[in-house]
Each structure stands twice: as C-alpha cells, then as structure tokens.
Amino acid sequence: MKIIFDAGHGYFTPGKRIPDGSMREWEFNSKVCEYAKELLMGYAGVIVKFTHDITGKFDVPLKDRTDIANKWGADVLVSVHANAAGNGWHSGEGVETYVDSSKPKDAYDLAVKVQNQLLRETGRRNRGVKTADFHMLRESNMTAILPECGFMTNKEEAALLKADSYRRKCAQAIVNGLVEHYQLRKIVVNLEVPSDYAYELALALEWAKENNISNGERLNEPCTRAQQLIMLYRFFNLMNSSNK
Ligand SMILES: [Zn+2]
C-alpha cells in the first residue's frame with residue numbers, strides 16, 4: 001500500500017515556531033515523517049513517499065502537496081504538525097488528530113487509532129479527534145488525517161517537541177496506528193544469508209518486487225548476463241521515471 005507523509009510547512013515559513021525562536025515547526029514535522037518512514041520500511045508491501053521538500057528550503061504549496069498525493073494514488077495521507085495557541089507562551093496543551101469536516105469513516109477510524117497511540121506513547125493530554133476544513137484533508141482523494149502532536153506555545157511541550165526521543169515516540173505512535181488500522185505485517189525472511197544482511201535483503205526484496213525489478217524468486221541461484229542486463233535496464237527506467 002502507498003502511504004504518503006506530509007511534513008507541514010517549510011523551514012522558512014513565517015510564524016510556525018516556538019515563541020523563543022528555539023525551533024521551527026518544520027524541524028519537528030519533518031523528523032517525525034522521516035522516522036515514520038524508517039519504521040514502515042520493515043513492513044511488507046508498504047511504499048512511503050513525502051509531499052514536502054525534504055531539505056525544507058521550499059514550503060511546497062498546499063495544492064502541489066495534495067496534487068502529488070492524488071497523482072501518486074496514495075492510499076493514505078498523514079500530515080504531521082505541531083500546534084500553537086495565541087502569540088507567545090500559552091497554557092494550551094495536549095494532542096489532537098484532525099479529519100475532514102465531512103468526517104469520512106475510514107479517516108475517522110484511523111484517526112481514533114493514531115490519537116490513542118499518540119496518547120499512549122507521549123502521555124500528553126487528550127484533546128480528542130476533531131474535524132476541520134483543512135486543505136490537506138479536503139483536497140486529498142484518499143484517507144487523510146492530521147495529527148497535532150503538542151503545542152509549541154506551551155513551555156513543557158515545546159521542550160518535548162525539540163527532543164529527538166519525543167519525535168521518535170510520535171513517529172512510532174503514528175506507525176502503530178497505521179499498522180493496526182491496515183493490519184500491516186512485518187517482513188519475515190527465511191534465507192541462507194548472514195544475519196547481518198537478512199534485514200537489508202528483506203527490504204531489497206520488497207523493493208525489487210514492488211518496482212518490478214525482479215520477481216524475487218530463486219534467490220540463491222546464479223544470474224545470467226541477460227538477466228542482469230534486464231534488471232539494470234528496469235532500474236534505469238525506474239530512476240528516470242522517479243526523477244520526473
Ligand atoms: Zn502546522
């Protein structure tokens with residue numbers, strides 16, 4: 001299945017930062033997306049893509065973000081954010097997850113699971129699953145949720161949002177929710193390879209099958225020059241098409 005992550009905003013987006021200037025919202029959002037992608041690589045049949053520019057230099061316009069998700073045909077979109085209230089420090093705190101105002105059933109069910117996982121992993125206050133008329137939720141054609149993982153304007157939560165451990169907890173929670181909702185299963189391999197390579201081979205195998213490079217069969221048998229050439233040619237075409 002195709003999962004697309006959207007790190008809200010860009011590094012230079014005005015506002016969108018901790019009041020004392022110690023962190024931009026982008027820094028939190030993009031790291032959570034990166035960690036979630038890493039975690040999902042261990043699951044069978046899952047391909048992950050981002051709608052944002054990973055350097056953060058460009059705040060990809062919202063329309064482009066949903067266009068990318070729609071054109072790719074993502075099955076689910078997760079737009080990761082950190083919250084804010086007022087101008088400057090504020091007492092508002094906690095975690096909430098949004099779905100579109102039309103309250104699509106699948107998105108709502110997924111949001112409930114992700115929200116519960118966020119509460120479990122972070123131990124923050126529950127603000128619940130909410131609806132809103134946000135572009136990312138409204139204009140995306142697939143199941144879409146938008147978790148707000150804590151308030152940049154709350155001193156205690158600002159410190160958490162800056163911590164790598166908290167970012168990893170949020171990524172884990174989102175992935176746990178996705179795994180639960182879509183019944184994703186971990187890649188299991190049973191091949192005669194040194195254990196150091198087993199995991200990497202499992203990932204490579206999934207990737208090769210997903211991208212039609214190889215059918216992944218008879219892995220311990222030799223490969224002819226013709227077969228090597230075909231695989232190289234398919235890889236070349238794959239690289240070319242992904243650069244467009
Ligand atoms: Zn945001």
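Residues of the range 156-169 include none that is within 16 Å of the ligand (Cβ to nearest atom) and either among the β-branched types (Val, Ile, Thr) or not in a helix (DSSP H, G or I) (or both). Cβ-Cβ contacts under 6 Å between residues 6 or more apart (or on different chains), taken from a first residue in the range 5-27 that is closer than 19 Å to residue 66 by Cβ to a second residue that is of a type in the set (Asp, Glu) and part of a loop (DSSP other than H, G, I, E, B), are listed as 9/59; 10/59; 13/59.
Residues checked against (1) of a type outside the set (Phe, Trp, Tyr); (2) at pLDDT below 85:
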site: 159; (1), (2): yes, no
site: 180; (1), (2): yes, no
site: 194; (1), (2): yes, yes
site: 199; (1), (2): no, yes
site: 204; (1), (2): yes, no
site: 212; (1), (2): yes, no
site: 227; (1), (2): yes, no
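Scanning the range 13-41 for residues that are touching a Phe, Trp or Tyr at 6+ places or on another chain (Cβ under 8 Å) and assigned to a loop (DSSP other than H, G, I, E, B), we see that the one that is nearest to the ligand (Cβ to nearest atom) is 16. Could you go through the range 58-65 and let me know if any residue there is free of Cβ contacts under 8 Å to residues at least 60 places away in the same chain, among the acidic types (Asp, Glu), within 15 Å of the ligand (Cβ to nearest atom) and not in a strand (DSSP E or B). There is at least one residue in the range 58-65 that is free of Cβ contacts under 8 Å to residues at least 60 places away in the same chain, among the acidic types (Asp, Glu), within 15 Å of the ligand (Cβ to nearest atom) and not in a strand (DSSP E or B).
Checking the conditions here, which among 93, 121 is touching a residue at least 60 places away in the same chain (Cβ under 8 Å), in contact with a Lys or Arg (Cβ under 7 Å, 6 or more places away or on another chain) and either within 16 Å of the ligand (Cβ to nearest atom) or under 25 Å from residue 18 (Cα atoms) (or both)?
It is 93.
Just checking, does the range 72-80 include any residue being outside any strand (DSSP E or B), surrounded by 15 or more Cβ atoms within 10 Å (Cβ to Cβ) and in contact with a Ser or Thr (Cβ under 6 Å, 6 or more places away or on another chain)? No, because not a single residue in the range 72-80 is outside any strand (DSSP E or B), surrounded by 15 or more Cβ atoms within 10 Å (Cβ to Cβ) and in contact with a Ser or Thr (Cβ under 6 Å, 6 or more places away or on another chain).
The values are calculated or read from the model by the stated rules, or taken from the named source; none is laboratory data. Please read all numbers here as calculations on a predicted model, not as lab measurements. Ideal geometry is used to build each Cβ from the backbone, glycine not excepted, and the neighbour counts take in all protein chains shown.
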